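To start, the structure itself, in structure tokens.
The values are calculated or read from the model by the stated rules, or taken from the named source; none is laboratory data. Please read these numbers as outputs of a predicted model, since none were measured by experiment. With ideal geometry, Cβ positions are generated from the backbone for all residues, glycine too; neighbour counts draw on all protein chains shown.
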Amino acid sequence: MADQDTIKIVIGGDVCPMGEVQGAFASGNAYEVFHDLIEEIAGADLSVVNLECPLVTQPSPIVKDGPVLGARPDCIRGFAAAKWNILNLANNHSFDHGISGLRESMKTIRQAGLEYVGAGMNIAEAQTPFVTRIAGRRIVIYSAAEREFSIADDETAGANPLDLINLVKAIESHKQEGVFVVLIHGGIEHYPYPSPEMVRRCRFIVEMGADAVICCHTHCPLPWEMHAGRPIAYGVGNLVMEAKGDEPHGWHEGYLARLTVVERSVRFEAIPYTQSNRRIGAEKMDQRGADQFFAAMHRKALQIEDGALLHEQWLTFCRSQEVDYLAKLFGYNRWMRKARSLLLRTLHSESDVLRALHYVQCESHREILNTIFSDKRRSG
């Protein structure tokens, strides 16, 4: 725990208490869910984890492109028993059951004695950071998500959208000689690298005064780096999210981000684990697994340092996604190529429109489309 010299903050990735693990959450059996990670969570002065689904009594799923997630409200017992302090709601699933689902989730969290960050009944509430004092130091947690179907605005409840202008203003308003930690829910699912734009964005946030940037959403672990003396973790991976049997290998790996605040410096350490693999929940990797994990992350971190190499990796990935993205965006089929604009309006269902909206409003998906189109234009 905190002393006069150090403060420990632990940040975890996506947790979705659905499926076989839901019973352990509902009964408050934290050790069955988090196993030997409990000592890291409970031993921190402040612990934050991403709640990847609403906690709802009566499902009220919204219409969206992508899966709708939800778990029982009594699953909060598992979070409380594990000694998590804050649940992060700035993600692409917090609004899956609309206003009623988000409101119930926030009420359930507060009734359990926990806090939440990153969502609210409007954008003003959603972008309000969590602020506390530990060992005499001011600690600020600011959380935001890329724009999908969960985002709040002036009149709509939801998650705090990732907006660099608002984020910089928040740093100016709330840091006040304290420690300012930024949580970002974004990136490309299953892609094990940050995009060039994500790297540029996170580095800018640090340059503007953030003391650490921790990202999640990709469902696989991404590397980390120190920039301007501050840590950036580009993706901590799933923490507890069951597999359906066909997920890539990275689905089962991740790491807790442990930040140690010593005077004016923030140190970073990754605590690797496996999850939903041999048994439910997450547990620390053995030494051999950890060594292999760190070696793989180090190789990827070197690619981030080499901007040209990172760009080439991204371009290769975008080219591999071209057919799928364009087919989804334009609704290709065998005879539509001939019909073209004549029948476009009658050919597109509501699902088609929602899917197209998803791809053009979400920063990461829009970045892929921009790269594909720009590459095609340059190549003639």
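Couple of notes before you dig in:
- Odd one out for I165, checked against (1) surrounded by fewer than 24 Cβ atoms within 10 Å (Cβ to Cβ); (2) in contact (Cβ under 8 Å) with a residue 24 or more places away in the chain; (3) not charged (D, E, K, R): (2)
- Residues (in contact (Cβ under 8 Å) with a residue 60 or more places away in the chain, out of contact with any Asp or Glu (no Cβ under 7 Å at 6 or more places or on another chain) and loosely packed, with under 15 Cβ neighbours inside 10 Å) located in the stretch 259-302: E263, H298
- Residue in the stretch 89-98 that is surrounded by fewer than 22 Cβ atoms within 10 Å (Cβ to Cβ), of a type outside the set (K, R) and not in a loop (DSSP other than H, G, I, E, B) present: yes
- Of the strands (runs of 3 or more DSSP E) that lie entirely inside the stretch 102-156, not one contains 2 or more residues that are under 23 Å from A257 (Cβ atoms), charged (D, E, K, R) and without any contact (Cβ under 8 Å) to a residue 24 or more places away in the chain.
- When residues of the stretch 362-380 are limited to those that are in a helix (DSSP H, G or I) and within 15 Å of H185 (Cβ to Cβ), the one modelled with the lowest pLDDT: E363
- On the stretch given as the stretch 11-59, residues that are touching a Gly at 6+ places or on another chain (Cβ under 8 Å) and part of a loop (DSSP other than H, G, I, E, B) total 8.
- The condition of being under 19 Å from L69 (Cα atoms), among the acidic types (D, E) and surrounded by fewer than 24 Cβ atoms within 10 Å (Cβ to Cβ) holds for only one of E172, E104, that being E104.
- Annotation: of all residues in the stretch 28-70 being among the charged types (D, E, K, R) and at pLDDT 95 or above, the one that is surrounded by the most Cβ atoms within 10 Å (Cβ to Cβ) is E52.
- The strands (runs of 3 or more DSSP E) found entirely in the stretch 206-285 that carry 2 or more residues being among the small types (G, A, S) are 253-262, 265-275.
- Criterion: over 30 Å from S351 (Cβ atoms) and assigned to a loop (DSSP other than H, G, I, E, B) - qualifying residue of K8, K83: K83
- Given (1) in a loop (DSSP other than H, G, I, E, B); (2) closer than 23 Å to K300 by Cβ; (3) charged (D, E, K, R), index of the condition R200 fails: (1)
- Selected residue [more than 21 Å from the chain's Cα centre (by Cα), in the same structural domain as P194 (by TED's automatic domain parsing) and under 24 Å from W84 (Cα atoms)] from R279, R299, R288: R279
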